[in-house]
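Working notes, structure below.
Coordinate-derived values only; no laboratory data. A quick note: this is a predicted structure, and the numbers were derived from the prediction, not measured. For neighbour counting, all protein chains shown are included, and Cβ atoms are generated from backbone atoms with ideal geometry for every residue, glycine included.
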Amino acid sequence: MLQYEVVTLPAKKVAGLKIRTGNADPACSDKIGGLWERLMGTDAYRERMHTEPDAVCYGLYTNYGWDDESYDAVAGYESVTCPDGFTAVEIPAGDYAKFHFHGDIRELPMRAWGEIWSIPLPRAYGVDFEEYRNYADGSADIDIYIGLADICQSCGMPMAKPADRGTEADGAESRTYCTYCYQNGVFTYDATMEEQIEHNLNCAPEFYSDRERAREQMRAYFPTLKRWKK
């Protein structure tokens with residue numbers, strides 16, 4: 001199975017060229033390839049960004065559309081300024097799943113993403129990005145970072161969308177609990193940890209081919225969540 005590590009990153013600003021596409025777009029790979037050709041095919045963009053020829057390049061994916069699986073793709077460089085014609089994107093601070101690849105720059109990204117998409121991750125769907133270090137022989141080291149969502153500290157559900165979050169007493173979004181577990185600063189139901197586990201199992205029984213094994217895994221995991229810590 002593809003290996004990754006969870007890393008905590010500070011915020012970072014990138015400026016680059018942007019297109020709108022998505023995995024369901026038949027021209028997706030051509031559009032993204034064309035974006036990189038525009039950025040790398042001339043020194044003009046690099047000069048405007050004041051970057052060196054061997055500067056690290058970034059490919060970003062953000063503003064995900066929930067209805068059509070679209071997203072903004074941005075190819076650029078780290079920069080605190082944004083020249084005319086470029087788009088500025090801030091990579092937010094937080095936890096990311098980091099994958100490392102090395103290989104032919106022409107075929108590696110598509111293969112890498114194909115492997116990553118097969119792994120179930122609690123994705124935040126904020127900003128995911130690639131970090132490229134290219135070499136003269138056509139090879140590259142690519143680190144791909146997948147933003148990880150906050151996990152509900154009661155039921156373990158990833159909170160990937162604002163609507164997934166519960167609310168505090170003042171109406172603010174909760175960073176800790178989901179909308180099903182927590183509203184207006186209080187839990188929506190009283191439960192023991194064992195009752196919560198059974199609730200999870202009953203809500204989505206199709207996810208658990210081995211119910212007893214899933215129950216034991218939850219019994220090991222739930223004590224790490226804030227609501228159930230002793």
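Okay, here's what the table says:
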{"read-out": "Between the stretch 52-86 and the stretch 152-181, the Cα center-to-center distance that results, in Å", "value": "29 Å"}
{"read-out": "Cα centre as origin, Lys/Arg/Asp/Glu Cβ charges: the stretch 108-193 dipole, Debye", "value": "200 debye"}
{"read-out": "Axial C-alpha extent at least 20 Å, average Kyte-Doolittle at least 1.0 - helices from the chain (DSSP)", "value": "none"}
{"read-out": "The stretch 97-213 - Rg (one decimal) and Dmax (whole number), Cα, Å", "value": "19.5, 61"}
{"read-out": "Cysteines without a disulfide-compatible neighbour (Cβ-Cβ under 4.7 Å), the chain", "value": "C28, C57, C82, C155, C181, C203"}
{"read-out": "Taking the chain and dividing mean pair separation by its residue count, relative contact order in percent (alpha carbons under 8 Å, at least six apart)", "value": "17 percent"}
{"read-out": "Debye equation applied to the C-alpha atoms of the stretch 95-150, log10 I(q)/I(0) at 0.13, 0.14, 0.19, 0.22 Å⁻¹", "value": "-0.33, -0.38, -0.65, -0.81"}
{"read-out": "Unit charges on C-beta of K, R, D, E only; dipole of the chain, Debye", "value": "500 debye"}
{"read-out": "Sparsely packed GluC sites (Glu not before Pro) within the stretch 102-201, loop by DSSP, other Cβ within 10 Å at most 12", "value": "E107"}
{"read-out": "Where labels lie 7 Å past Cα in the beta-carbon direction, separation of K13 and V186 in nm", "value": "4.5 nm"}
{"read-out": "Globularity ratio of the stretch 171-229, using Cα Rg and 2.2 N^0.38 Å", "value": "1.23"}
{"read-out": "Candidates per chymotrypsin sites (Phe, Trp or Tyr not before Pro) in the stretch 113-209, loop by DSSP, up to 14 other Cβ within 10 Å", "value": "Y135, Y189"}
{"read-out": "Proximal charge balance of A191 [Cβ under 12 Å; K/R count +1, D/E count -1]", "value": "-3"}
{"read-out": "Given charges at Cβ of Lys, Arg, Asp, Glu: the chain dipole, positive-most of A88, W228, V14", "value": "W228"}
{"read-out": "Debye intensity ratio I(q)/I(0), log10, the chain, q values 0.10, 0.11, 0.16 Å⁻¹ (C-alpha model)", "value": "-0.58, -0.68, -1.16"}
